[in-house]
Amino acid sequence: MELVKTGAIVLDCAEPEELAYFYKELLGAKECSDGTSSRTDIEAPSGLRIGFRRDLNATPSSWPRPEDSLQAHLDFFVDAENLDAVERQIVALGGIPVEASGRSGGGPTSARQYADPAGHSFTVRSSVRQGPKTD
């Protein structure tokens with residue numbers, strides 16, 4: 001018997017409406033909650049749900065520093081030929097590229113790390129990882 005019906009990733013942030021807009025535009029998502037003053041939820045066409053909860057004491061994460069290795073981050077998957085276009089969109093929406101291993105040369109790579117406008121870490125990958133962690 002299925003007990004858990006669905007779930008959502010919830011990100012704490014100071015301004016949930018603004019962060020919801022960033023991800024809604026990036027993922028082509030729609031708002032799927034009543035949008036209270038303390039939480040806003042979106043759902044991407046893929047079914048991915050992300051909630052944004054107001055926390056006035058929220059501080060940006062510091063990933064990918066090794067001492068913060070237990071922090072979570074999001075992974076999004078795109079076709080390899082769209083990596084540059086997605087990066088332009090992320091930056092236009094207020095996201096920030098993060099220097100990390102595999103990208104220090106600034107050239108093409110299959111995984112690119114970013115911080116959203118509130119400082120949450122996420123990675124855009126050209127394909128789903130099938131093997132052990134390599135980057």
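Answer yes or no as to whether SER61 is in a loop (DSSP other than H, G, I, E, B), open to solvent by 40 Å² or more (accessible area, probe 1.4 Å) and either touching a Ser or Thr at 6+ places or on another chain (Cβ under 7 Å) or modelled with pLDDT of 80 or more (or both). Explain how you work it out, then say what you get.
Values: in a loop (DSSP other than H, G, I, E, B): yes; open to solvent by 40 Å² or more (accessible area, probe 1.4 Å): yes; either touching a Ser or Thr at 6+ places or on another chain (Cβ under 7 Å) or modelled with pLDDT of 80 or more (or both): yes.
Answer is yes for this residue.
Of everything in the stretch 2-27, what is within 19 Å of ALA115 (Cβ to Cβ) and either open to solvent by 70 Å² or more (accessible area, probe 1.4 Å) or among the charged types (D, E, K, R) (or both)? Give them in sequence order. I'd like the intermediate steps shown before the answer.
Residues of the stretch 2-27 that are within 19 Å of ALA115 (Cβ to Cβ), as a first pass: 9-27.
Passing the criteria: ASP12, GLU15, GLU17, GLU18, TYR21, LYS24, GLU25.
Kindly indicate whether LEU83 is under 16 Å from GLY7 (Cα atoms) and at pLDDT 90 or above. Steps first, please.
Working: under 16 Å from GLY7 (Cα atoms): no; at pLDDT 90 or above: yes.
No.
Please specify each residue of the stretch 1-23 satisfying the condition of being assigned to a loop (DSSP other than H, G, I, E, B) and either closer than 17 Å to GLN71 by Cβ or among the hydrophobic types (A, V, I, L, M, F, W, C) (or both). Walk me through how you get there before you give the answer.
Taking the stretch 1-23 first, the residues assigned to a loop (DSSP other than H, G, I, E, B) are 1-8, 14-15.
Selection gives MET1, LEU3, VAL4, ALA8, ALA14.
Name the single residue, out of those in the stretch 99-133 being open to solvent by 20 Å² or more (accessible area, probe 1.4 Å) and at pLDDT 90 or above, that is farthest from ARG53 (Cα to Cα).
ARG125
Restricting to the stretch 1-27, what's the tally of residues that are acidic (Asp, Glu), closer than 22 Å to LEU93 by Cα and free of Cβ contacts under 8 Å to residues at least 60 places away in the same chain?
Residues flagged as acidic (Asp, Glu), closer than 22 Å to LEU93 by Cα and free of Cβ contacts under 8 Å to residues at least 60 places away in the same chain within the stretch 1-27 amount to 2.
Tally the residues that are part of a strand (DSSP E or B), open to solvent by 90 Å² or more (accessible area, probe 1.4 Å) and under 20 Å from ILE90 (Cβ atoms), restricting the search to the stretch 28-58.
1
The values are calculated or read from the model by the stated rules, or taken from the named source; none is laboratory data. Everything numeric in this text was worked out from a predicted model, so none of it was measured. All Cβ positions, glycine included, derive from the backbone under ideal geometry; neighbour counts span all protein chains shown. Surface accessibility is based on the protein's heavy atoms, side chains included, excluding ligands, DNA and RNA. Shrake-Rupley method; radii C 1.70, N 1.55, O 1.52, S 1.80 Å.
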